[in-house]
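A quick write-up on the structure given underneath.
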Amino acid sequence: MEPAGSYGAGKAGSVSFDPVAFFMHPRTILRLLSWVFSIVVFSCIVNEGYINIGSERLLCIFNNNADACNYGVTIGVACFLGSICFLILDAYFPTISNVRDRKRAVLLDLVFSGLASFLWFVGFCFLANQWQATSPDELPLAQGSDAARATIAFCFFSILSWVCMFILCVCVVFSGLSVSAGPAEAAA
């Protein structure tokens, strides 16, 4: 491991921003994928996730359970915004020279990635369960069926992308701690 300081703080400010290298970095690719998956989830629910059958009241296609649609839209929008914020932080991260601020940024990313992974897992289970309980009689001409399946599939893909980001954050935290603590304290 190179002695660059905690969380790479010794290299801060020494490198100019390279957009090609930034967009080829695995963390950036995962963030962009998560961003797209979030867009797909909340847009499928917003566009085709509600139906009205003989009334002006909109019903959720997931077993007429409005909580299922609300949960999918909420987690989709939250992770969409989180992906954008952390993408900006990733671009700004090399210029942060304060070790404490770098550590906070990495730990915030770790917590958000772990929380997003868990919430996407809950969303996948909840939406899949509600879709399984939906009877074909409730959806005339299978209206919204493709959107519901796409929502469930992209919830699953979101789990994978956020878990990968969580694992990358854990690796960064442990490498940052081992560099700052020194070989004797890191082994203890």
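Would you pick out the residues in segment 62-92 that are without any contact (Cβ under 8 Å) to a residue 40 or more places away in the chain, within 16 Å of Asp109 (Cβ to Cβ) and open to solvent by less than 20 Å² (accessible area, probe 1.4 Å)? The one that is without any contact (Cβ under 8 Å) to a residue 40 or more places away in the chain, within 16 Å of Asp109 (Cβ to Cβ) and open to solvent by less than 20 Å² (accessible area, probe 1.4 Å): Gly82. For segment 44-56, the criterion of being surrounded by fewer than 17 Cβ atoms within 10 Å (Cβ to Cβ) and in a helix (DSSP H, G or I) is met by at least one residue.
Here Phe124 qualifies as open to solvent by 30 Å² or more (accessible area, probe 1.4 Å), closer than 17 Å to Phe62 by Cβ and touching a Cys at 6+ places or on another chain (Cβ under 8 Å). Can you pull out the residues in segment 97-106 that are open to solvent by 40 Å² or more (accessible area, probe 1.4 Å) and of a type outside the set (Asp, Glu)? Within segment 97-106, Ser97, Asn98, Val99, Arg100, Lys103, Arg104 meet the criteria.
Table: residues versus (1) modelled with pLDDT under 90; (2) open to solvent by less than 30 Å² (accessible area, probe 1.4 Å); (3) hydrophobic (A, V, I, L, M, F, W, C).
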site	(1), (2), (3)
Thr95	yes, no, no
Phe112	no, no, yes
Trp120	no, yes, yes
Ser135	yes, no, no
Leu139	yes, yes, yes
Ala142	yes, no, yes
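Within segment 37-68, the set of residues being hydrophobic (A, V, I, L, M, F, W, C) and touching a Ser or Thr at 6+ places or on another chain (Cβ under 9 Å) comprises Phe37, Val40, Val41, Phe42, Cys44, Ile45, Ile61, Phe62. Pairs linking a residue in segment 139-161 that is under 17 Å from Ile39 (Cα atoms) to a residue that is polar (S, T, N, Q) and open to solvent by less than 10 Å² (accessible area, probe 1.4 Å), with Cβ atoms under 8 Å and 6 or more positions apart or on different chains, are Ser158/Ser34; Ser158/Ser38; Ser161/Ser34.
The values are calculated or read from the model by the stated rules, or taken from the named source; none is laboratory data. Remember, predicted model here, so these are calculated numbers, not experimental data. With ideal geometry, Cβ positions are generated from the backbone for all residues, glycine too; neighbour counts draw on all protein chains shown. The accessibility values were calculated without ligands, DNA or RNA, using every heavy atom of the protein model including side chains. Shrake-Rupley method; radii C 1.70, N 1.55, O 1.52, S 1.80 Å.
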